[in-house]
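I have placed the structure first, in the form of structure tokens, so that the comments after it can refer back to it.
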Amino acid sequence: MGRVAIFIDGGYLDYTLRDDFQLAKIDYAKLSEGLAGEKEILRTYYYHCLPYQSDPPTVEESERFGKMQAFFHALRRIPRYEVREGRLEFRGTRDDGSPILQQKRVDVMLAVDLTLLSARRQISDAILVTGDSDFIPPVNVARNEGVVVWLYHGTKNPPHNELWQLADERVPLTQEFIDSIGFQPQ
């Protein structure tokens, strides 16, 4: 049956939920269970950054920051969930005055986790929810170590073509799947 690790690029998933599924709210525990199927889950790794705050932050920035902190806290309470926080670096402003931000550490953390778990033979399968070409080298390592790599992706934000070709299994996220893992407030 094997053991799986799930690697979720939070920014990519956010865009996919927004663009493909009208900002659908999902249950992240159900997401992991649905992605893993019958396989034992070693852990789900969720990679993202807290939103940018100017100095001093606006009321809207503070609210958005607080909501994301609460969301990360809720994810950490799910069994076998690991939240890996990167950070946003300010790189200047656009002509319209909006900040230019660059995400740091997120891709590297995912790449290191995938590489280490594969090289240490901790997993038989790796499930990625991403589209970034930065993950081509660690996916190559995982495959060379005998790990089956599953790529789950959106359709309006498709994955990089080379990443898609490299994955052993490619699964577009569907409305039916998203509906099955929908968040049900209690």
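Readers should treat all values here as calculations from the given coordinates under stated rules, not as data from a laboratory. Note that the structure is a prediction, hence the values are computed from the model and not measured. Note: ideal-geometry Cβ built from the backbone for every residue, glycine included; neighbour counts use all protein chains shown.
Which whole-angstrom value gives the distance between the alpha carbon centres of the range 51-107 and the range 29-45?
25 Å
Of Val83, Gln53, Thr16, whose Cα points farthest to the positive end of the dipole of the chain (charges on the beta-carbon: +1 Lys, Arg; -1 Asp, Glu; origin at the Cα centre)?
Result: Val83, furthest along the dipole toward the positive end.
Arrange the following residues from fewest to most other Cβ atoms within 10 Å of their Cβ: Leu75, Leu23.
Numbers: Leu75 18, Leu23 8.
Arranged by neighbour count, lowest to highest, Leu75, Leu23 become Leu23, Leu75.
Does the range 12-68 come out rounded, prolate or oblate by the C-alpha gyration tensor, with a ≥ b ≥ c the root eigenvalues, rounded set by a/c under 1.5 and, if not, prolate when a/b is larger than b/c and oblate if not? Provide the component values of the computation, followed by the final result.
Values: a/c = 3.36, a/b = 2.05, b/c = 1.64.
It is prolate, given that a/c is not under 1.5 and a/b is the larger ratio.
Rounded to the nearest 20 debye, what is the charge dipole size of the chain about its Cα centre when +1 sits on each Lys and Arg Cβ and -1 on each Asp and Glu Cβ?
With Lys and Arg at +1 and Asp and Glu at -1, about 540 debye.
Where does helix 59-76 land angle-wise versus the long Cα axis of the chain, in degrees 0 to 90, nearest 10?
Tilt of helix 59-76: around 20 degrees.
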